[in-house]
Amino acid sequence: MPHFRLISFDLCPYVQRCVVTLREKGIDHDVDYIDLSDRPDWFVALSPLGKVPVLEVTRDDGAKVVLFESVVINEYLDEVTEGSMLPADPLERARCRAWIEFGNALLSDAFSVTSAEDEAALGKILEKLGDKLDRLEREIRTGPFFLGAEVSLVDTALTPALQRLNWANEIHPAMAIFEGRPKAAGLWRALAERESVQGSAPHDLRQQFDKMVGRDRGGYRSVVGARVTA
Ligand SMILES: N[C@@H](CCC(=O)N[C@@H](CS)C(=O)NCC(=O)O)C(=O)O
């Protein structure tokens, strides 16, 4: 088995996806944290896009290969370990990959929800987000996870977005993000109970999230941010 070294920034939702996959599959690995605002030279040299996550894989012959992009890293980790977190059927597998890509868009909506400057902007984002969550709701068949009883790579890809949307909704419950979407809500509840998800981010991530969302953005706070207490 190769040696895995994950280069991480502790608040990064994309890194978090890989950590959930590593933990779900019980893969031994090292983690090196970097500060994205002060990138070390070795990281700049290593990371083709200057982003985390990066997975440095040291093969049995000592050769090192650098992987980047959370979705690619997750698929690789899944392929080199026992069992698969994707279905065997090519069409079903492709459907999962499509919904993993959907997870990228959902994450970007989660950022937009927390940064909306006024009620009108927030309303537009919530409409777009609501449409996405309705589609997700229709796509989850039996639940609790995307494919049913087992956690898949779709779930690991959706985890950071669902977590952040849930937190935003706790700060501003009137957004009712999961209302009328029992399967999407159930998916997040089931994920939140997984040890892999609970251990996937720093213990104070929620506090850091509140701080980031509630910050002054140059003379104003976002609609959700203004509701952050303490
Ligand atoms: N598509 C990438 C996105 C990774 C990404 O945007 N990471 C952020 C941190 S959360 C980053 O490294 N940003 C630094 C930059 O954009 O310069 C993935 O899925 O891995």
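Would you kindly calculate the translational diffusion coefficient of region 1-111, applying Stokes-Einstein with the Kirkwood radius from alpha carbon pairs, for 10 °C and a viscosity of 1.306 mPa s, and quote it in µm² s⁻¹ without decimals?
Stokes-Einstein gives a translational diffusion coefficient of 106 µm²/s.
For LEU147, which sequence-distant residues (separation of 5 or more, or a different chain) have an amide H within less than 5 Å of its own amide H, given hydrogens modelled in the peptide plane?
Residues meeting the criterion, in which the H sits 1.01 Å from N, are SER152.
Which value at 222 nm does the chain reach when only helices count, each DSSP H run of 4 or more adding -39,500 (n - 2.57), with the total divided by all residues and rounded to the nearest 500 deg cm²/dmol?
After summing the helix terms and dividing by residue count, I get -16500 deg cm²/dmol.
Might you tell me the accessible area per residue for the chain, computed with a 1.4 Å probe and given in Å²?
Per-residue value: 50 Å².
Can you give the Kirkwood hydrodynamic radius for the chain, in Å, rounded to one decimal and based on Cα pairs?
Here the Kirkwood hydrodynamic radius works out to 18.6 Å.
Treating the beta-carbon of each Lys and Arg as +1 and of each Asp and Glu as -1, no other charges, what is the dipole magnitude of the chain about its Cα centre, to the nearest 20 debye?
With Lys and Arg at +1 and Asp and Glu at -1, about 580 debye.
Please give the charge dipole size of region 90-227, origin at the Cα centre, charges +1 on K and R Cβ atoms and -1 on D and E Cβ atoms. Round to the nearest 20 debye.
140
Could you sort the peptides 211-218, 105-112 by per-residue average Cβ neighbour count (10 Å cutoff), highest mean leading?
105-112, 211-218
Among VAL72, GLN163, VAL54, whose Cα lies farthest out toward the positive end of the dipole of the chain, if unit charges sit on the beta carbon of Lys, Arg (+1) and Asp, Glu (-1)?
GLN163
Which ³J(HN,Hα) values in Hz, rounded to whole numbers, follow from the phi angles of region 131-143 under the Karplus curve 6.51 cos²θ - 1.76 cosθ + 1.60, where θ = phi - 60° and Gly and Pro get x?
4, 5, 5, 5, 5, 4, 3, 6, 7, 6, 7, 9, x
Under 13 Å from the Cα of LYS132, which aspartates and glutamates turn up, not counting those fewer than eight places away in the same chain?
Once the sequence-local aspartates and glutamates are set aside, what remains near LYS132 is GLU101, ASP109.
Over region 3-79, with every protein chain in place, what whole percent of the accessible area is carbon and sulfur at 1.4 Å, could you tell me?
Roughly 50 percent, rounded to a whole number.
Would you please give the residues with an amide H less than 5 Å from that of TYR33, counting only those at least 5 places away or on a separate chain, with H modeled from the backbone geometry?
Residues meeting the criterion, in which the H sits 1.01 Å from N, are SER8.
Using Cα pairs closer than 8 Å and at least 6 residues apart in sequence, work out the relative contact order for the chain, in percent.
Relative CO of the chain lands at 23 percent.
Compute the whole-percent fraction of alpha carbon pairs in region 56-173 spaced more than 23 Å apart.
Tail of the P(r) past 23 Å holds 41 percent of the pairs.
Mind checking which of ARG17, ARG138, ARG181 has the largest fluctuation in a GNM of the chain, springs on alpha carbons under 10 Å?
Most flexible of the set in this elastic network: ARG138.
The values are calculated or read from the model by the stated rules, or taken from the named source; none is laboratory data. Note that the coordinates shown come from a computational prediction; the quantities given were computed from them, not determined experimentally. Virtual Cβ from ideal backbone geometry, glycine too; neighbours counted across all protein chains shown. Each accessible area value is taken on the protein alone, full model and side chains, heavy atoms only, with ligands, DNA and RNA left out. Shrake-Rupley method; radii C 1.70, N 1.55, O 1.52, S 1.80 Å.
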